[in-house]
Amino acid sequence: MERPSLKVVIASPRGFCAGVDRAIQIVRGALEKYGAPVYVRHEIVHNRFVVEQLEAAGALFVEDLSEVPAHAPVVFSAHGVPKSVPESAKARQMFYLDATCPLVSKVHREAERHQKVGRHIILIGHAGHPEVVGTMGQLPTGCITLIQDIDEARTAPVPTDRPLAYITQTTLSVDDTVEIVDALKERFPDIVSPRKEDICYATTNRQDAVKAIARQCDILVVIGAPNSSNSVRLVEVARRQGCQAHLVQRASDIDWTRIDGARTVGISAGASAPEILVEEVLRAFRQRYDVTVEEVRTTRETIQFKLPAALTA
């Protein structure tokens, strides 16, 4: 039986960013140097495939340091942690490796600088996300006001007895954040902006790549986890361009009834999704369709982050 023709347009950049790659290397390096088990506080990155691979290699994922024996090495996830976490680890004389993405750490240091000079900080981000919890946990309670959307930017109570500055979660929608920042600047004309954009290069690049292909696609498949902020944002970006878009974790999650009748399908992957899952999805399409593949690249990424000295010494 002849298979229907289908054009698949793959966005590039996609998949792993430098911060995710570094975090995974830290866990693998710790396993190699110290042996199993190596404990990891929270999912090292938000991707079940990656987590399960590391579990198979001897990593044990926990949500609290109380679950970690005092003698065992522990890794903090790429999303960052409140200051209380390393302080607790030091108090217990635990050996830990911090896999926080350096671009998240930059936001932490930024928050500290603002607080040191007397500014109240507005953090644009999603409540409950580990990165937001970690950033808010860098300073005493009350130093940071969380703003999640444009309505809160216009109406949320904010201290007016001191200067203001804003920082952002690194994995937000670029377009949504611009609107929120504009609303904050309209309300607080003297608010201090970050020295350099807080939304990370990888988030921006992946959103730009999705924008570049979305309008030529009937439907776009984003590979990523539902708790991965940057992956969910890619779906939203595609839909803003007028394209149907759906999030899948694996090829087995694809609803093929949504693909029926499509002539052009786009594929992208969140920053914590490995390329092997892109290849898996592409194989699944080839099993059902006569596929022609086109890759659309909007930029090249060359950024790399160093591993902790404890793993390279």
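The values are calculated or read from the model by the stated rules, or taken from the named source; none is laboratory data. Owing to the predicted nature of the structure, the values given are computational and were not obtained by experimental measurement. Note that we place each Cβ from the backbone using ideal geometry, even for glycine, and neighbour counts take in every protein chain shown.
Observations on the structure shown:
- Qualifying positions in the range 1-22 - under 14 Å from the mean Cα position of the chain (by Cα) and closer than 26 Å to Asp253 by Cα: Arg14, Gly15, Phe16, Cys17, Val20, Asp21
- Residue in the range 251-258 that is at pLDDT 95 or above and at positive phi present: no
- The residues of the range 272-285 that are free of Cβ contacts under 8 Å to residues at least 40 places away in the same chain and surrounded by 14 or more Cβ atoms within 10 Å (Cβ to Cβ), listed by number, are Glu280, Ala284.
- Inter-residue pairs, beta-carbon under 8 Å, first closer than 12 Å to Ile150 by Cβ and in the range 172-196, second at pLDDT below 95, 6+ apart: Thr177/Ile199
- Selection status of Asp290, free of Cβ contacts under 8 Å to residues at least 12 places away in the same chain, surrounded by fewer than 18 Cβ atoms within 10 Å (Cβ to Cβ) and under 25 Å from Pro4 (Cβ atoms): no
- Filtering the range 172-188 to residues that are part of a helix (DSSP H, G or I) and either within 20 Å of the chain's Cα centre (by Cα) or under 15 Å from Val158 (Cα atoms) (or both) leaves Val174, Asp175, Asp176, Thr177, Val178, Ile180, Val181, Ala183, Leu184, Lys185, Glu186, Arg187.
- One residue from Thr145, Thr170, Thr155 being of a type in the set (Val, Ile, Thr) and touching a helix residue (DSSP H, G or I) at 6+ places or on another chain (Cβ under 6 Å): Thr170
- Of the strands (runs of 3 or more DSSP E) lying entirely inside the range 1-99, not one is found with 3 or more residues being surrounded by 14 or more Cβ atoms within 10 Å (Cβ to Cβ) and of a type in the set (Ser, Thr, Tyr).
- Every residue from the range 130-142 that is assigned to a loop (DSSP other than H, G, I, E, B) and crowded, with 17+ Cβ neighbours inside 10 Å: Gly137, Gln138, Leu139
- Considering only residues in the range 182-211 that are crowded, with 20+ Cβ neighbours inside 10 Å and not polar (S, T, N, Q), the one that is nearest to Ala238 (Cα to Cα) turns out to be Val210.
- For the range 219-271, residues that are within 16 Å of Ala284 (Cα to Cα), assigned to a helix (DSSP H, G or I), among the charged types (D, E, K, R) and free of Cβ contacts under 8 Å to residues at least 12 places away in the same chain total 1.
- Enumeration of residues in the range 72-105 that are in contact (Cβ under 8 Å) with a residue 24 or more places away in the chain and out of contact with any strand residue (DSSP E or B) (no Cβ under 9 Å at 6 or more places or on another chain): Ala78, His79, Pro82, Lys83, Ser84, Arg92, Cys101, Pro102, Leu103, Val104
- Among the residues listed as Ala89, Ala111, Ala56, the single one being within 30 Å of Asp176 (Cα to Cα) and either assigned by TED's automatic domain parsing to the domain that holds Ser228 or among the small types (Gly, Ala, Ser) (or both): Ala111
- Candidates Val278, Val296: the one that is in a helix (DSSP H, G or I) and within 23 Å of the chain's Cα centre (by Cα) is Val278.
- The set of residues from the range 199-218 being in a helix (DSSP H, G or I), over 16 Å from the mean Cα position of the chain (by Cα) and polar (S, T, N, Q) is empty.
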